[in-house]
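Before any comments, here is the structure.
The values are calculated or read from the model by the stated rules, or taken from the named source; none is laboratory data. In this text the structure is predicted, and so the values were computed from the model without any measurement. Glycine also receives a Cβ, built like all others from the backbone with ideal geometry; neighbour counts cover every protein chain displayed. Side chains included, ligands, DNA and RNA excluded: accessible areas come from the protein's heavy atoms. Shrake-Rupley method; radii C 1.70, N 1.55, O 1.52, S 1.80 Å.
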Amino acid sequence: MALERTFSMIKPDATRRNLTGKITAKLEEAGLRVIASKRIHMSLAQAQAFYAVHKERPFYGELCEQMSAGPVVVQVLEGENAILKNREVMGATNPANADAGTIRKEFALSIGENSVHGSDAPETAAEEIGFWFSKIELVG
Ligand code: RTP
Ligand code: MG
């Protein structure tokens, strides 16, 4: 299979606890390569725009507040089957349901403060990468 790219974000609950390196190591150990990375503190408006797909969901307000409450690390990951592979390393949305060894099992605090985000399909991956990165920032 050809190399695929996906978007990943280390969320404020994880940057707050200084887990950027540990989480990135798990991604790299799974065979994913970080081809772009930056630490940002998004505004509430940016969080609302990024998560617009969830705007009708009951957790939308809380999610946007949490995502803009502290720094995040946005990354682009490259590898074979990167989208699915990243979802596997992340584990289930709710850490209580996440498999042993996954990022969320090891680090997540709750279903909301679950340490990482990862794109769920090729279309959303392209959209989310384009939301935070310009083409010249991707160094594969
Ligand atoms: P993500 O998009 O962040 O990679 O996570 P996901 O696909 O596993 O979860 P999704 O259903 O897309 O939800 C996006 C994020 O919203 C928060 N959430 N809170 N309180 C709740 O019931 C609830 N459900 C979801 C989580 O932070 C989740 O990652
Ligand atoms: Mg999702």
Yes or no: segment 23-40 includes at least one residue that is open to solvent by 70 Å² or more (accessible area, probe 1.4 Å) and among the acidic types (D, E). yes
Flagged in segment 118-140 as in contact with a helix residue (DSSP H, G or I) (Cβ under 8 Å, 6 or more places away or on another chain) and not in a helix (DSSP H, G or I), in numbering order, are G118, S119, D120, A121, L138
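Here's the yes/no breakdown for (1) acidic (D, E); (2) on the phi > 0 side of the Ramachandran plot; (3) within 14 Å of ligand 2 (Cβ to nearest atom):
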site: Y51; (1), (2), (3): no, no, yes
site: A92; (1), (2), (3): no, no, yes
site: D99; (1), (2), (3): yes, no, no
site: T102; (1), (2), (3): no, no, no
site: E113; (1), (2), (3): yes, no, no
site: E123; (1), (2), (3): yes, no, yes
site: G130; (1), (2), (3): no, no, no
site: L138; (1), (2), (3): no, no, no
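What do you reckon, is A100 more than 8 Å from ligand 1 (Cβ to nearest atom), small (G, A, S) and outside any loop (DSSP other than H, G, I, E, B)?
Spelling it out, it is not the case that A100 is more than 8 Å from ligand 1 (Cβ to nearest atom), small (G, A, S) and outside any loop (DSSP other than H, G, I, E, B).
Residue check: is A98 touching a helix residue (DSSP H, G or I) at 6+ places or on another chain (Cβ under 7 Å), open to solvent by less than 30 Å² (accessible area, probe 1.4 Å) and within 19 Å of A2 (Cα to Cα)?
Criteria not met by A98.
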Can we say A45 is small (G, A, S) and without any contact (Cβ under 8 Å) to a residue 12 or more places away in the chain?
yes
Matching residues in segment 64-86 (surrounded by fewer than 19 Cβ atoms within 10 Å (Cβ to Cβ), in contact (Cβ under 8 Å) with a residue 12 or more places away in the chain and part of a helix (DSSP H, G or I)) number 2
G112: passes all of (1) open to solvent by 40 Å² or more (accessible area, probe 1.4 Å); (2) within 11 Å of ligand 1 (Cβ to nearest atom); (3) free of Cβ contacts under 8 Å to residues at least 60 places away in the same chain but (1)
